[in-house]
1. In the range 5-36, what residues are aliphatic (A, V, I, L, M), more than 24 Å from H58 (Cβ to Cβ) and either surrounded by 14 or more Cβ atoms within 10 Å (Cβ to Cβ) or not assigned by TED's automatic domain parsing to the domain that holds H97 (or both)?
2. For the range 282-291, which positions are crowded, with 19+ Cβ neighbours inside 10 Å and farther than 15 Å from T229 by Cα?
3. Need a quick list: helices (runs of 4 or more DSSP H) entirely within the range 84-201 having at least 2 residues that are at pLDDT below 80 and out of contact with any His (no Cβ under 7 Å at 6 or more places or on another chain).
4. Answer yes if at least one residue in the range 170-191 is closer than 17 Å to Q246 by Cβ, within 11 Å of the chain's Cα centre (by Cα) and surrounded by 20 or more Cβ atoms within 10 Å (Cβ to Cβ), and no otherwise.
5. Would you check which residues across the range 18-41 are within 15 Å of P109 (Cα to Cα) and either among the aliphatic types (A, V, I, L, M) or not in a helix (DSSP H, G or I) (or both) and list them?
6. Quick check on my filter: what residues within the range 313-330 are farther than 16 Å from W290 by Cα and modelled with pLDDT under 80?
7. So is L268 in contact (Cβ under 8 Å) with a residue 60 or more places away in the chain and either over 16 Å from G293 (Cα atoms) or aliphatic (A, V, I, L, M) (or both) or not?
Amino acid sequence: MAKVQSGTDVKSQFKTLSEADIQASTDDASFRKGYDYYLNHAIVEPTLSEPVLRAFCHSSSGSPYHVEATLLPAGDKSAHKLASAGCSCPRGGFCKHLVALLLIWLHQPERFVVRTGLMGRLSEKSREELLNLLEQLVQRQPDIEPLVELLIELPLATTTQEKKRPGRGREPTLDPSTIRSRVDSAFYHAGEGWGAAGRVAAELDPLCDIGKSFAEAGEWANAQVVYATVAEETVIQYEDLHDEGQVSWILSKCAAGLVACLNAQPTLPRSERLEAEEREELLTTLFDLWKFGHNYGGIGVDIPAAIAGNATAPERKRVEAWLREEMRPGQDSSFYRAKARSHWQRLPGNWDTGQTSMEARDATTINLARNA
């Protein structure tokens, strides 16, 4: 039986990394906390798959985060120490979890199990063998079937012919129920308690990545389906969570993806732009996300500016009607209405937010007092 390799056996194949290199890549607080995570064995299941270090890191929220870093070859002469790195935590970037992973690689490389190149082994299989493998995988893990159905539509490789296919950007081919079932499954399996939000976010983040893949391929209608369905289903179930920012971070990613869809429309040929019905659904979801951010926070995207910059005259009237409903006395406090109105009235154009005569009189009085 062949000996299972560890990171120690292959470490010399990669560019050396020091504690000083790791510390220089992040802030002092993240380095200190990451060092504590390393000392307290927070990193679990570390693997090395070709040049990529992967592991899970326990967190204060109770939910483990997926962390990875791509190493550079030993002969690399650049100033960079890593090819790439990332973590599924809300902070992202060079976080404390990533620090802990790299400290393990630096001081305990034997903990990393070396995985042989899976894709290379799969490429040697015939079509029939691959189909049989996929069938067995779905039979043994039936929960992944909706995900497989979703991935079938993913533009894994876009040929020149596919790029030229008319209507590719405006024709949705995804079934929203497939995405909806993934979101529902994430909430169901997350359970309850303080760590539930982190577990939900960890399951939803790959769906956002799928939406990003569609957007990068110019399949804006499919990107919209992914982002909108994730956002709508998450908002519905949000009240039952104790969120510490993980799930609102997912909603912020959805908002950013939908804003990208909207911003892309004027740059596309008319034959590639979203239909009027899809545009209305897009604006509706964005407006709902704006309301969510207004109520709960966590949406770091300027949704009013995106809508103001892209809405047609009929769409503007529709959004103004939604705003007037939100501003209607009795819906919420006057403070809420004033704060919400300020988000929109600072934008280009005269947004009709349904200001009452009393509120207009109070605003005039305040302005006169300021100018006195």
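The values are calculated or read from the model by the stated rules, or taken from the named source; none is laboratory data. Owing to the predicted nature of the structure, the values given are computational and were not obtained by experimental measurement. Every residue, glycine among them, receives a Cβ derived from its backbone with ideal geometry; neighbour counts consider all protein chains shown.
1. Of everything in the range 5-36, just one residue is aliphatic (A, V, I, L, M), more than 24 Å from H58 (Cβ to Cβ) and either surrounded by 14 or more Cβ atoms within 10 Å (Cβ to Cβ) or not assigned by TED's automatic domain parsing to the domain that holds H97 (or both), namely V10.
2. W290, the sole residue that qualifies.
3. Here the list reads 118-123, 145-152, 160-163.
4. no
5. S18, L39, H41, listed by residue number.
6. R328, P329, G330
7. Yes: the conditions hold for L268.
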